[in-house]
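**Student:** Here it is: the structure, laid out below.
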Amino acid sequence: MPSEVHRRTFLQLLALAGAGSAALPGLAEAGTGFPLVSRGKAATIVVAPGDLPGVRRVAGDLAADVERVTGVRPAVTDAVPAGGPVVLVGTLGHSPLVDDLVRAGRLDVRDVEGKWETSLSQVVDGRLVLTGSDQRGVIYGVYEVSRRIGVSPWYWWADVPPRRQSELHFPGERFSLGTPHVKYRGFFINDENPALGTWAPAYFGPGLAPGYPNGFNRHFYAKVFETMLRLRANYLWPAVWGRAFAEDDPLNHATAKEYGVVMGTSHEAPMMRGIEEWNRHATPGHDPYGGTGEWSFRRNGEAIKAYWTDGIRRMAREGFEGVVTLGMRGNGDVGLPDGDGIELMQEIIAAERDILARELSTDVPQVWTLYKEVQRYWAKGLRPPDDVIVVFTDDNWGNIRKQPDLSLPPHPGGYGLYYHFDYVGGGRNYKWVDTALIANTWEQLNQAASYGNDRLWVANVGDMKGNELPLQFFLDYAWNPAAWPADRLATWEREFAAENFGGALAADIAGVLHDYGRLQSRRKPELLNRRITLAADGTITYDDQATPFSLENYGELDRVTAEWQDLGARAGRIAARVPAGYRDAFYELVGYEVQATANLYALRRAEFTNLLYVTQGRASANGLAAVTEARFADDLALAEKYNTGIAGGKWRGFQTQPHIDYGDVERYGPNAPWQQPELNNVALPDVIFPAVRRIDVPEAASLGVAVDGSLDAWPGAPGRPVLPEFSPWQSAPAQYLDVFNRGRTPFRCTVTPGAPWVRVEPRGGRVEEELRMTVRIDWARAPRGTTTVPITVSGAGASVVVDAVVRNRELPLPWRRGFVEAGGYVSVEAPHCSANVGAGPVSWRRVPDLGMTPFPVTAASAAPGAGARLEYRMTLFTAGPVTVWAHLAPRNNVLAGDGLRYAVSFDDAEPQVVNTTKATGADDTSMNRQWERTTSDNVNLTSTTHVVGTPGPHVLKFWMVDPAVVLRKLVVDTGGLRPSYLGPPESMRWPG
């Protein structure tokens, strides 16, 4: 499509430009194109007096944007001046000035008129014409000019400064953004306490309804509406918790109408009325709108119908554009107190439709959202009237729960999607910082688009601020999925960075944002003190005083912490290079979330290492307690900088979201494992949970030894310490042992290996608190076979013997193909297959940073062993039973079948089928404890057992049975796999 070509060219050029460049990409050279600003004079902006209100308003925004960039403000008028350049802004059919050009044959609008939200810009007779098929089409076209001249959509919400220019010459060629793929595209401001709920009243003043001083007034929403239109959104669910959009400011709906925004209400707020209105007026005698008593359709149906009637009457009276929510959920976003019988929901929807027919029209757009338990109605066969949009949802953690059944006739009203970047609920709230992995979002949105879900998409963005990047990607993708295939995700990140920070730093900033999303996707930061264990019998246990990352195996906790520290350092180096005017924006969009999360990982690493070291009696435990407390102070300082140290204190009170002390039942009560910690309202800063400990350290020196792969310490623990097995085929060839002091007096230690080919560095030294020694094997000198070598550690009048088990297996040349077993396992990242074998039109494809998934996503299910497969060559030294663990994205069964299946086989054996949703219970539409485990851990971990007949080369085959499976990693346990959160590092791999 030509408009997409133009857009790509603009954005690709923009990515190459630096802040303060002489001529911005997307603009013409001085002396060519249309002179928007030239030689200190601006073109006049003309908009007809009878045009639509959103168009008249946006003309003023264009003038303000030109002034932001150049310092020169264009005049805005309703009549064409006698001379000088003119920008003509108008809607087809509503602007006589534009319509005259069409009638005269000077402007061809045949590919625009009659379409939905389609823009057109073109220089005609020396005038820059900005028009469109409807009000929002014009608005989007005008804001596209603003973006081209250097005004970010986030100029207000993230304080991105405009790129100053003295000359602005706009290209004259015909240009359109095209028609959006998804008709209604927007977001839900939700879960807005404490951050938004603290900041908004202070910044925007009280609510304008007596007695409700919450600040969510027309001034607040004007900033929201402007930003969403700059992002080409058109649809909003307003804030709900303690908020009532229509009451908090009686002009809120009028403001939405002025901006041209489509209003809706959330899945729990039918008939254009939020539940807060009911709660405010539920007392008899204080009820101007009709809502009294219990929120129960069976027991209080007449009052509820009267309440809904007034909501629709208000919509008709105020004349704003809206999409009406049908159905009903319980008060407080829970299931109905009346049960979930189909007849009840049929009665509710019929009553709502009767009200619409009587008070307004059933032609108004309507939605029924299948959120949580509501999906059961759909599963049981309930269908709404044909014109109603059916909105499927994710599971609150970014995994869509259902797609349209392509084997059935499509629902005439079409389908929608409700998706989360922020959530309050089980297994734990995540509200603090952006935790979305763009690749994961892409894969799910691509699936929705492929299944014909294109009528309405809405994302829960919490406070909106903090989720800028995933929100913009969500809206960009909804506008044109074809523009963003998986192999262009890195390009999108660079363009986001370039638009907000200029081209000079775009690649570096995009790299940090990319790695931030990748690391953050492993686990929500609120869950860093929860370990979830699945027993062999299916029992699930939660420990809210333990790290999910292994302290002893594969260096996991140290490794992930180091990755975060490296990312934080990279962000810090970039921050030092960011021009002064962009530093606030950088802190808001990049710096805070990266540095604060890196700091949180450092805190958790110190905290849980402290708790381990206390049990081992290490003198260094107390220092780690101090480090933990220092990192907590840093956490508060980073938040304080956000609140008071940037943008002149504009965001005071915004960074107040607790994120450290989830799970403290003693302090916060029974909801503490999932609900945000709150004590004395939200004024108390969060505290460290679990609490660090300190020990009394004796004066005398005392030897202690701990080894890789164990939580124990010697002397004291039973038996002799044994290091994990050494193999020449390990991808990580070194192990460690720690020599530490249990007293305050330093001592000297010596380490003596029992064989010269066992190398320990250092071989000893002065131990004040601890020394870490690295143990390696000189494989050129090590004997074949299995050898146990003692390593003697001496100091402070004691000694400990550590055993090093060295397995030096020969790998014959014919065996050197693919991955090699070492340490009792083979670990393989999913994209590193040796063969990708398609089946007809279906094959596996890599989604960067996510894994492998079948394409097309709408492929039919295949019989086990008949579908597309991935092959992984590997050499196993172990014969007999082995377990294959599949690490999958925690997807739900979106299909019409009874589960989400894959199959695994070795060599030519019969494939074993695994139903991933049945295995975890995730197929239960209520979402349950097993679903909490898979979403909290962000992995669906399932296994199969196989018998390997002989050592040597083998081929592990992973078969598609159902589409929508996303494979991340395979681990073959041959008897030595140790527990860890992420699984062991990838094994050594030979080519071939």
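**Student:** Charges on Cβ only, +1 for Lys and Arg, -1 for Asp and Glu, centred on the Cα centroid of the chain; of L611, A351, P698, which one is farthest towards the dipole's positive end?
**Tutor:** The listed residue farthest towards the positive side: P698.
**Student:** So the label point goes 7 Å from the Cα of A835 along Cα→C-beta, right? Which residues of the range 781-823 then have their backbone N under 19 Å from it?
**Tutor:** 814-820
**Student:** For W457, which sequence-distant residues (separation of 5 or more, or a different chain) have an amide H within less than 5 Å of its own amide H, given hydrogens modelled in the peptide plane?
**Tutor:** Y184, R185, G186, L417
**Student:** Using a 10 Å cut-off on Cβ atoms, rank the peptides 376-386, 824-834, 359-369 from the highest mean neighbour count down.
**Tutor:** Details: 376-386: 14.1, 824-834: 22.0, 359-369: 18.8.
Final packing ranking: 824-834, 359-369, 376-386.
**Student:** Report Rg (one decimal) and Dmax (nearest whole number) for the range 2-170, counting Cα atoms only, units Å.
**Tutor:** Taking only Cα atoms of the range 2-170, I get Rg and Dmax of 15.2, 44 Å.
**Student:** Can you spot the aspartates and glutamates whose alpha carbon is less than 15 Å from K183's alpha carbon? Ignore those fewer than 8 places along the same chain.
**Tutor:** Those aspartates and glutamates meeting the cut-off are E117, D134, E321, D387, D454, D476.
**Student:** Shifting gears a bit: Relative to the present Cα-Cα distance, how much length would full extension add between L811 and R667 at 0.36 nm per residue of separation?
**Tutor:** Details: separation 144, 0.36 × 144 = 51.84 nm, distance 5.75 nm.
So the chain would gain 46.1 nm between L811 and R667.
**Student:** If you don't mind, another one. Can you report the principal axis dimensions of the range 813-990 using only the alpha carbons, biggest first, rounded to whole angstrom?
**Tutor:** That gives 51, 38, 29 Å along the principal axes, largest extent first.
**Student:** Another question, if that's okay. Multiply the residue gap between A536 and L382 by 0.36 nm, knock off their C-alpha separation, and tell me the result in nm, one decimal place. Intermediate results must be reported in sequence, preceding the final value.
**Tutor:** Details: separation 154, 0.36 × 154 = 55.44 nm, distance 3.81 nm.
Extra length available between A536 and L382 comes to 51.6 nm.
**Student:** So what's the back-of-envelope 222 nm ellipticity for the chain, counting only DSSP H runs of four-plus at -39500 (n - 2.57) apiece and dividing by all residues, rounded to 500? Can you show the working numbers first?
**Tutor:** Values: 23 runs with 282 residues, N = 992.
Value at 222 nm, helices only, nearest 500: -9000 deg cm²/dmol.
**Student:** Shifting gears a bit: Compute the signed sum of charges (Lys and Arg +1, Asp and Glu -1) over the other residues within less than 13 Å, Cβ to Cβ, of P404.
**Tutor:** Values: positive: R383, R401, K402, R455; negative: D405, D454.
Its environment carries a net charge of +2.
**Student:** Please get the size of the charge dipole for the range 494-696, origin at its Cα centre, with Cβ charges of +1 on Lys and Arg and -1 on Asp and Glu, quoted in debye to the nearest 20. Please report the intermediate quantities before stating the final value.
**Tutor:** Working: 22 positive and 27 negative charges, 84 e Å.
Here the range 494-696 has a charge dipole of around 400 debye.
**Student:** Here's something else I'd like to know. Give me the net charge of R494's neighbourhood, meaning all other residues with Cβ under 12 Å from the Cβ of R494; Lys, Arg count +1, Asp, Glu -1.
**Tutor:** On the way: positive: R488; negative: E493, E495, E499, D508.
Surrounding charge for R494 is -3.
**Student:** Please report, in whole Å, how far the alpha carbons of the chain spread along each principal axis, starting with the longest.
**Tutor:** Here the Cα extents, ordered largest to smallest, are 96, 69, 62 Å.
**Student:** Can you list the lysines whose alpha carbon sits under 20 Å from that of K41, skipping same-chain ones fewer than 8 residues off?
**Tutor:** none
**Student:** Separate question: Can you work out the FRET efficiency for the pair A780 and T77, with r the C-beta to C-beta distance and R0 = 56 Å, to the nearest 0.05? Don't skip to the answer; put the middle values down first.
**Tutor:** Working: r = 85 Å, r/R0 = 1.52.
Once the sixth-power term is evaluated, E becomes 0.05.
**Student:** In the range 666-813, if every C-alpha pair distance is counted and binned at 5 Å from zero, what percent goes to each bin?
**Tutor:** 2, 9, 15, 16, 12, 9, 7, 8, 8, 7, 4, 2, 1, 0
**Student:** R0 = 45 Å: FRET efficiency of R748 with A576, Cβ-based, nearest 0.05? Before the final figure, lay out the partial values.
**Tutor:** Values: r = 42 Å, r/R0 = 0.94.
So the FRET efficiency works out to roughly 0.60.
**Student:** Among bridges DSSP assigns within the chain, what percent are antiparallel (round to 5)? Don't skip to the answer; put the middle values down first.
**Tutor:** On the way: 106 of 147 bridges.
Of the beta bridges lying entirely in the chain, close to 70 percent run antiparallel.
**Student:** Further question: Put a dot 7 Å past each Cα toward the Cβ at A507 and H181; how far apart are the dots in nm?
**Tutor:** In this crude spin-label approximation the distance works out to 2.9 nm.
**Student:** Under unit Cβ charges (Lys, Arg +1; Asp, Glu -1), what dipole magnitude, rounded to 20 debye, does the chain have relative to its Cα centre? Can you show the working numbers first?
**Tutor:** Working: 100 positive and 113 negative charges, 430 e Å.
The calculated dipole for the chain is roughly 2060 debye.
**Student:** How far apart, in nm, are the 7 Å Cα→Cβ label points at N279 and S450?
**Tutor:** It works out to 4.1 nm between the two label points.
**Student:** If you don't mind, there's one more thing I want to ask. Nearest 5 percent is fine: what portion of the DSSP beta bridges confined to the range 184-484 is antiparallel? Display every interim value, and only then the final one.
**Tutor:** Details: 3 of 29 bridges.
The answer is about 10 percent antiparallel.
**Student:** Given the pairs K223/K465; K223/K641; K372/K969, which span a C-alpha to C-alpha distance of over 18 angstrom in this model? Provide the component values of the computation, followed by the final result.
**Tutor:** Numbers: K223/K465 12 Å; K223/K641 23 Å; K372/K969 29 Å.
Table pairs above 18 Å Cα-Cα are K223/K641; K372/K969.
**Student:** Something else: So how far apart, in nm, are the two label points at D908 and L711 if each is 7 Å from Cα heading toward Cβ?
**Tutor:** With each label placed 7 Å out from Cα toward Cβ, I get 4.7 nm.
**Student:** Still on this model: Please report the net charge: other residues with Cβ closer than 15 Å to the Cβ of G114, K and R +1, D and E -1. Intermediate values should be presented prior to the final figure.
**Tutor:** Details: positive: R110, K115, R136, K183; negative: D99, D108, D111, E113, E117, D134.
Within the 15 Å Cβ shell, the charges total -2.
**Student:** Something else: Among V87, L27, S119, whose Cα lies farthest out toward the positive end of the dipole of the range 2-170, if unit charges sit on the beta carbon of Lys, Arg (+1) and Asp, Glu (-1)?
**Tutor:** Of V87, L27, S119, it is L27.
**Student:** Neighbouring Cβ atoms within 10 Å as the yardstick, rank R667, R243, R978, R989 fewest first. Working shown, then result.
**Tutor:** Details: R667 13, R243 24, R978 17, R989 20.
Sorted ascending by nearby Cβ count, the order is R667, R978, R989, R243.
**Student:** Starting from the Cα of K918, draw a straight line to each of the lysines and keep only those under 17 Å, dropping any in the same chain fewer than 8 residues away.
**Tutor:** Filter leaves K402.
**Student:** Let me ask you something else. Go ahead and collect, in residue order, the members of the range 364-396 whose backbone nitrogen is under 15 Å from a label point 7 Å along the Cα-Cβ direction of L344.
**Tutor:** 373-378
**Student:** Rounded to the nearest 0.05, what FRET efficiency do R759 and K918 give with R0 = 45 Å and r taken as the Cβ-Cβ distance? Could you check? Walk me through the numbers on the way to the answer.
**Tutor:** Values: r = 50 Å, r/R0 = 1.11.
Efficiency, from the Cβ-Cβ distance: 0.35.
**Student:** Let me ask something else. Which of the listed residues, S827, P670, G425, is farthest toward the dipole's positive end in the chain, when Lys, Arg count +1 and Asp, Glu count -1 at the beta-carbon?
**Tutor:** Of the listed residues, the answer is S827.
None of the figures in this text is laboratory data; all of them are computed from the coordinates on show. Predicted, not measured: the structure shown is a model, and the values here were computed from it. Cβ coordinates were reconstructed from backbone atoms using ideal geometry, including for glycine residues, and neighbour counts include every protein chain displayed.
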